[in-house]
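Engineer: Below you will find the structure I want to go over with you.
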Amino acid sequence: MKKTRKVLCLSVILCMMFASTAYAQEDTSSSVSDDSLETAVSAIEIQEFAPVDAERMNSLVNSSDGIVSDNDMLLRSLSPDAGEPNDTVSDAYPYSSMPEIQTTLTSKWDLYRLGMRTANFHTADDEDWYYANFTSGVTYFVDLRNVGSTNCYIEIYFLGSDNNWYFATTDPSYNSVYANKPEKYFYIQAPTSTTYYIRVSSNGEGASLSMNYFFYVGPAEQTFDIVNMPTYNNVQLLGTGYKTYTLDLTGTAVPPVTEIINLYMADSFPSGGSCTEVDKYMSAGGNTYYNTAGTGSSTINNINGASLGQLWTIGAKCHNNMHSVRWTGVLSGRFRCLMAPYPGNELF
């Protein structure tokens with residue numbers, strides 16, 4: 001059978017995204033590139049679907065794995081998940097009904113779980129089937145993580161209009177690049193609008209009781225909200241000048257390729273009094289973005305399109321230089337991103 005070989009190739013773009021350095025200044029800058037996400041999406045290498053031979057598909061459809069032993073039933077009762085029993089194609093469970101782990105960005109340590117759904121392997125040989133509807137022409141990211149350095153894998157199947165089955169896989173026996181990797185992933189483009197089946201196989205390496213795995217199967221371009229995210233430092237507002245500190249959102253804080261849709265920085269006063277007229281800015285990559293001076297507004301103006309994953313300088317002052325208070329910013333907003341493997345888990 002033809003082996004699938006295409007995988008992610010974004011190193012050049014990621015280097016470009018992280019090449020920016022912090023540049024603290026009070027002058028506004030209006031030039032923001034609005035094509036970084038589009039450039040990244042266009043650079044994705046798509047794994048092509050391969051035909052499934054009749055013998056393989058017959059073994060999956062008529063698998064004896066659907067017969068659950070008393071011991072397996074006991075193990076599943078100890079660590080149940082929403083999808084069970086979903087051990088065959090005919091018992092596939094809706095992917096959209098599986099529990100979501102992390103739906104919003106609330107700290108710089110949320111990325112590993114962001115957008116992921118979760119389920120369990122209940123036995124060494126357990127496999128789980130799900131289904132989802134894909135739209136023709138849309139690029140999807142398929143990802144399995146939190147499985148350790150094992151040969152567990154994830155696959156996508158669909159029945160074509162020619163009545164033949166097709167699949168894309170991270171099974172190491174088809175492509176050795178996936179062998180013993182902690183994360184298995186690929187990008188696909190849906191050739192037709194239909195129901196697609198997701199197979200997550202323990203490949204004989206499921207834990208004796210339970211292995212909790214994370215998986216994502218959805219559009220490669222995704223949107224997330226930022227909700228009350230701290231900025232991990234604070235300053236004393238005193239005198240006429242901006243007081244500054246840095247917030248590092250590079251590395252493992254956010255997805256490598258991001259574009260801010262909107263961003264708000266609320267005032268928080270860790271101790272003592274407060275101020276209703278805080279002027280503040282965020283600066284990175286040679287661009288500085290302010291709130292509206294004298295209003296105390298949390299809206300950071302003109303930041304749409306900027307990359308979230310940068311080393312930011314945050315500045316604040318009392319507009320009328322009247323208050324001496326300790327201040328920190330708290331972020332909320334929305335950003336677009338390219339779903340990708342967790343930094344450090346890339347295949348190349």
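Engineer: Suppose we filter region 321-342 for residues that are among the hydrophobic types (A, V, I, L, M, F, W, C), in contact with a strand residue (DSSP E or B) (Cβ under 8 Å, 6 or more places away or on another chain) and surrounded by fewer than 17 Cβ atoms within 10 Å (Cβ to Cβ); how many remain?
Structural biologist: 1
Engineer: Which is under 15 Å from Val52 (Cβ atoms), surrounded by fewer than 19 Cβ atoms within 10 Å (Cβ to Cβ) and in the same structural domain as Asp87 (by TED's automatic domain parsing), of Pro191, Pro172?
Structural biologist: Of Pro191, Pro172, the one residue that is under 15 Å from Val52 (Cβ atoms), surrounded by fewer than 19 Cβ atoms within 10 Å (Cβ to Cβ) and in the same structural domain as Asp87 (by TED's automatic domain parsing) is Pro191.
Engineer: Next question, about the same structure. Here's a check for you: in region 87-97, which residue that is without any contact (Cβ under 8 Å) to a residue 60 or more places away in the chain and within 29 Å of Phe224 (Cα to Cα) is surrounded by the most Cβ atoms within 10 Å (Cβ to Cβ)?
Structural biologist: Selected residue: Tyr93.
Engineer: Any residue at all in region 234-244 that's touching a helix residue (DSSP H, G or I) at 6+ places or on another chain (Cβ under 9 Å), modelled with pLDDT of 95 or more and not aromatic (Phe, Trp, Tyr)?
Structural biologist: no
Engineer: Among the residues of region 268-286, write down those that are part of a strand (DSSP E or B) and surrounded by fewer than 20 Cβ atoms within 10 Å (Cβ to Cβ).
Structural biologist: Once the filter is applied, which keeps residues that are part of a strand (DSSP E or B) and surrounded by fewer than 20 Cβ atoms within 10 Å (Cβ to Cβ), region 268-286 yields only Ser268.
Engineer: Give me a count of the residues in region 131-148 that are assigned to a strand (DSSP E or B) and surrounded by fewer than 21 Cβ atoms within 10 Å (Cβ to Cβ).
Structural biologist: Looking only at that region, the number is 4.
Engineer: Among the helices (runs of 4 or more DSSP H) confined wholly to region 19-124, which include 2 or more residues that are outside the structural domain of Ala253 (by TED's automatic domain parsing), modelled with pLDDT of 50 or more and under 30 Å from Ile260 (Cα atoms)?
Structural biologist: Once the helices (runs of 4 or more DSSP H) in region 19-124 are filtered for at least 2 residues that are outside the structural domain of Ala253 (by TED's automatic domain parsing), modelled with pLDDT of 50 or more and under 30 Å from Ile260 (Cα atoms), what remains is 36-43.
Engineer: Take the conditions more than 29 Å from Ala40 (Cα to Cα) and either modelled with pLDDT of 95 or more or assigned by TED's automatic domain parsing to the domain that holds Arg334 (or both) and apply them to Gly272. Does it pass?
Structural biologist: Yes; evaluated as a whole, the condition is true for this residue.
Engineer: Which residue is farthest from the chain's Cα centre (by Cα), if the candidates are limited to region 321-343 and must be assigned to a loop (DSSP other than H, G, I, E, B) and at pLDDT 95 or above?
Structural biologist: Pro343
Engineer: Taking region 299-320 on its own, how many of its residues are assigned to a strand (DSSP E or B) and either surrounded by fewer than 19 Cβ atoms within 10 Å (Cβ to Cβ) or in contact with a Pro (Cβ under 7 Å, 6 or more places away or on another chain) (or both)?
Structural biologist: Qualifying residue count for the region: 2.
Engineer: Taking the residues in region 149-169 that are touching a residue at least 40 places away in the same chain (Cβ under 8 Å) and assigned to a loop (DSSP other than H, G, I, E, B) as candidates, determine which candidate is surrounded by the fewest Cβ atoms within 10 Å (Cβ to Cβ).
Structural biologist: Selected residue: Asn164.
To keep it simple, each residue is scored yes or no on (1) of a type in the set (A, V, I, L, M, F, W, C); (2) assigned by TED's automatic domain parsing to the domain that holds Ala50.
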residue: Phe186; (1), (2): yes, yes
residue: Met229; (1), (2): yes, no
residue: Asn234; (1), (2): no, no
residue: Thr244; (1), (2): no, no
residue: Gly251; (1), (2): no, no
residue: Val278; (1), (2): yes, no
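Engineer: Please find, within region 102-131, the residue that is farthest from Ala179 (Cα to Cα) out of those that are in contact with a strand residue (DSSP E or B) (Cβ under 6 Å, 6 or more places away or on another chain) and among the hydrophobic types (A, V, I, L, M, F, W, C).
Structural biologist: Only one residue fits best here, namely Leu105.
The values are calculated or read from the model by the stated rules, or taken from the named source; none is laboratory data. These figures come from a predicted structure and were not determined experimentally. As a convention, Cβ positions derive from the backbone with ideal geometry for all residues, glycine included, and neighbour counts pool all protein chains shown.
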